[in-house]
Structures are given as structure tokens and as C-alpha cells.
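Remarks on the structure that follows.
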Amino acid sequence: MHAIQATAFGDPTVFALTELPDPTPGPGQISIDVTHAAVGLIDLFFRQGLYKDTPGMPQPPFTPGLEVTGTVRELGAGVTGFRTGEQVVAMANGGVGGYASVFVATAATTVSIDGSGIDPALAVSMVPNAAMAHAALTAVAHLREGERVLVHGALGGLASAFPGIAKQLGAARIVGTVLPGKLDAARNSRLPYDRVVDSTRLTEELGEEKFDVVIDPVGGQIRTQSLAFMPPGGRLIAAGNASGDWGHAVNDSQLWLGSVTIAGFNAGAFLPTHPGLVQPAQPALHAARTAIAAGLGQTAVETLPLSEAAHAHQRMQDRDVAGRLTLSPQA
Ligand SMILES: NC(=O)c1ccc[n+]([C@@H]2O[C@H](COP(=O)([O-])OP(=O)(O)OC[C@H]3O[C@@H](n4cnc5c(N)ncnc54)[C@H](OP(=O)(O)O)[C@@H]3O)[C@@H](O)[C@H]2O)c1
């Protein structure tokens, strides 16, 4: 198979397009002929070596990519409910392996999109993150019908999945925040935000408005600023540090004084310990597929050839993406 390998930790030039033996599925696994692999910020963090000292994290040489779509190539022992040639979306348990023409997934984190009418590039861009959004909003934020939701970095890969799922769960109002340079793209996007505001002018833009649930994959100062927009009982989900500010600390007195909660959500930690969300009935994945098929996740998607993985990473690093990038071995 063709695969992109990070040959060392470093800038995007560490990527090399290589030929590797085709992998075969073990028990409970499915191999997939990949048509599209999504590019996420976590792939950049792995490539840069941000987690290099954390046990179990990828070490060079490795193939990045944790979300793929394609067709089922082979079923491993014991796998039922899928057939060869069926179109599926899958998430990698270990967070790597997707930038390749063949990918081996766990059946439990694979969902069929056959007959759903969802474009494959949109499917890989939205369905896994929408499943994460469903898990975070139901099992962590406990979103109730009629509540108001604020989403930071509103066009980001993870963030852009939240408005559709929040709407599906009955949220009354969903506001997104982006940097000024992305306001037009966000306002013209087909994502179901009721309003998009400038993340550098939150006080002026939002005034006295309050949000029961805040989704924050950005972190840094915006995490602390968000507390001012939460009513007593409000819940903020810290879901990433896209800002790169890993040292930011929230003053915990603000939590009890404001009677608000900050909860963390990390799919890599939460899903394996809460397997009921993705198996056996896969409620989060099925809800995600339903929401995207219903048009609740129409983010902008651009597809580049697999061989342009380094260029894709450079653009993500330069924040030159207003939507999602996917890589295709067939492009
Ligand atoms: N909790 C989980 O399970 C989970 C799952 C997937 C990803 N994540 C994490 O969530 C974060 C976002 O990942 P993603 O794949 O959604 O990334 P992404 O597509 O690049 O989106 C990140 C968003 O954050 C904003 N941002 C603010 N400061 C930034 C900076 N210095 N560099 C880049 N973006 C910045 C950007 O919006 P503006 O330019 O408008 O500010 C951008 O749209 C990462 O920390 C990732 O590790 C967590």
C-alpha cells in the first residue's frame, strides 16, 4: 500500500510517501480501501513530537491519521454486520494509520455510510467528530433541550461538528466564535450556527448573553473569558488546546463563585472507558451519521492527493484552512 510516514519528529518535510506491505485485519477488525483520510490538528501535534515522551504515543516512523472513509476490503475473524465493498467511516483507536491506501480499523469504531447519501469527503470530515460531539454533549455536558451553546474556533474540525449535534439534541441557540479573518467564511458556511462572532471581541459582541454549555477546543485566555458568559449551572467542556497555550490555568475560585463547571473531554481517554457510547449499538456514531445525512454538518471540505500531506500540514500550521482538509490516495 501507499502510505505517508513521519520519518522523524519535526516540520512537515519529515513526511515521505512510502510503499508498505498491505495490512490484514485481526479478530474484530476490518481492513478498508481508503478513499479519504481527514487531517486534524492532533496529527500535527504527533508529527511535531509534542507527545513524544508520553508512553504509548506514536514514535517515528509512523503513519499519521485517525479518521478515514473508504470501502470494506476484508473482515477479520468474528466481525459481523459489515460486507466487502460497503462504504464506511472509521476512527483509529491508536490515533494513527489513516494517511494510507489501506487502513485497519476496529469494527466497533466503524460505521456504515452506505445509502446515507453523505459525500465520502464530508463523511470523514464530520462523522467521527460528530460522534465525539454527541458523546461530549450527552455524557459530559448533559445538554438539555432549550439550552444555549457557545462554540469556540467554530470552523475547526472538532468544533464544527458541535452545532449540528447540539441542534439535533434540541439546543435553542448556538453561537460560534472565530478570529476576525474567518468571520466571513463562518457566516457564509452552511453550519447551523445562529450567529458567529469575533473571538477577539467577546465582551462587545456578546454583551450580557449567557450560554449553558461552552465548547472550548482552543484554550488559553478564551477559556477564562468564557466563564463570564456562563449562568450558574453552566458547563464548559475543555476539549483541546488549539491555541498552543498549554500553561493556562483557570482560577478555581471563579468556578464556585460563579457556580459553573469546567469538565474535560478527550475521546482517546473517554471512549475506551465508556464503550457503550460506540458499541455495541454505537449510539454516538449513529446519531452522528443521522445528523450529517440531515445536512447538519455542511462544512467546507478540500481534498488533496495523499502525496501532498506535507503541504496540508503546512496549511493547517499557517491557519490557512476554513473548514477541513482531506487526503486521498486516489486523487
Ligand atoms: N477532545 C477530543 O476528543 C478531541 C478530538 C479532536 C481534536 N481535539 C483537540 O481539539 C483541538 C482542535 O483540533 P482540530 O483538529 O479541530 O483543529 P483545527 O481544525 O485546526 O481547528 C482548531 C481551531 O482552533 C482555533 N485556533 C485558535 N488558536 C489557534 C492556533 N494557535 N492554531 C491553530 N488553531 C487555533 C482556530 O480557529 P480560529 O482561527 O478562528 O481561532 C481553528 O479553527 C486540538 O487541541 C485537538 O488536539 C480534541
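A compact table of results
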quantity	calculated
Verdict on Leu191 being surrounded by fewer than 22 Cβ atoms within 10 Å (Cβ to Cβ) and not hydroxyl-bearing (Ser, Thr, Tyr)	no
Any hit, the stretch 247-261, residues being within 14 Å of the ligand (Cβ to nearest atom) and closer than 28 Å to Asn93 by Cβ	no
1 or more residues surrounded by 12 or more Cβ atoms within 10 Å (Cβ to Cβ) and in the same structural domain as Phe45 (by TED's automatic domain parsing): qualifying strands (runs of 3 or more DSSP E) within the stretch 230-308	301-305
Enumeration of residues in the stretch 1-59 that are touching a strand residue (DSSP E or B) at 6+ places or on another chain (Cβ under 6 Å) and of a type in the set (Ser, Thr, Tyr)	Thr7, Thr18, Ser31, Thr35
Meets criteria (buried (at least 20 other Cβ atoms within 10 Å of the Cβ), outside the structural domain of Gly40 (by TED's automatic domain parsing) and part of a loop (DSSP other than H, G, I, E, B)) for Val214	no
Residues being away from the ligand (no atom under 12 Å from the Cβ) and among the small types (Gly, Ala, Ser) - total across the stretch 118-132	2
Output for the stretch 181-199, where each listed residue is within 15 Å of the ligand (Cβ to nearest atom), within 27 Å of Asn266 (Cβ to Cβ) and touching a helix residue (DSSP H, G or I) at 6+ places or on another chain (Cβ under 7 Å)	Leu191, Tyr193, Val196, Val197, Ser199
Single residue of Arg83, Arg73 found to be farther than 30 Å from Pro217 by Cα and in contact (Cβ under 8 Å) with a residue 40 or more places away in the chain	Arg73
Pro27 vs. criteria within 27 Å of Glu86 (Cβ to Cβ), free of Cβ contacts under 8 Å to residues at least 24 places away in the same chain, assigned by TED's automatic domain parsing to the domain that holds Pro305 and not in a strand (DSSP E or B)	no
For Arg195: the one exception among (1) more than 17 Å from Arg173 (Cβ to Cβ); (2) out of contact with any Lys or Arg (no Cβ under 6 Å at 6 or more places or on another chain)	(1)
Residue in the stretch 133-153 that is crowded, with 24+ Cβ neighbours inside 10 Å, free of Cβ contacts under 8 Å to residues at least 40 places away in the same chain and either aliphatic (A, V, I, L, M) or more than 12 Å from the ligand (Cβ to nearest atom) (or both) present	no
Search result, residues across the stretch 219-242 that are of a type in the set (A, V, I, L, M) and either closer than 20 Å to Ser160 by Cβ or within 15 Å of the ligand (Cβ to nearest atom) (or both)	Ile222, Leu236, Ile237, Ala238, Ala239, Ala242
Count of residues meeting criterion [closer than 28 Å to Gly156 by Cβ and surrounded by fewer than 24 Cβ atoms within 10 Å (Cβ to Cβ)] in the stretch 24-42	3
Within the stretch 156-180, considering residues that are aliphatic (A, V, I, L, M), surrounded by fewer than 24 Cβ atoms within 10 Å (Cβ to Cβ) and outside any strand (DSSP E or B), the one farthest from the ligand (Cβ to nearest atom)	Ala172
Residue that is nearest to the chain's Cα centre (by Cα) [pool: residues in the stretch 5-57 that are of a type in the set (Ser, Thr, Tyr) and within 15 Å of the ligand (Cβ to nearest atom)]	Tyr51
Selection from the stretch 85-117 of residues that are surrounded by fewer than 23 Cβ atoms within 10 Å (Cβ to Cβ), part of a loop (DSSP other than H, G, I, E, B) and away from the ligand (no atom under 15 Å from the Cβ)	Gly85, Glu86, Ser101, Ile113, Asp114, Gly115, Ser116, Gly117
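The values are calculated or read from the model by the stated rules, or taken from the named source; none is laboratory data. Model, not experiment: these values are computed from the prediction. So basically every Cβ, Gly included, is an ideal-geometry build from the backbone, and we count neighbours across all protein chains shown.
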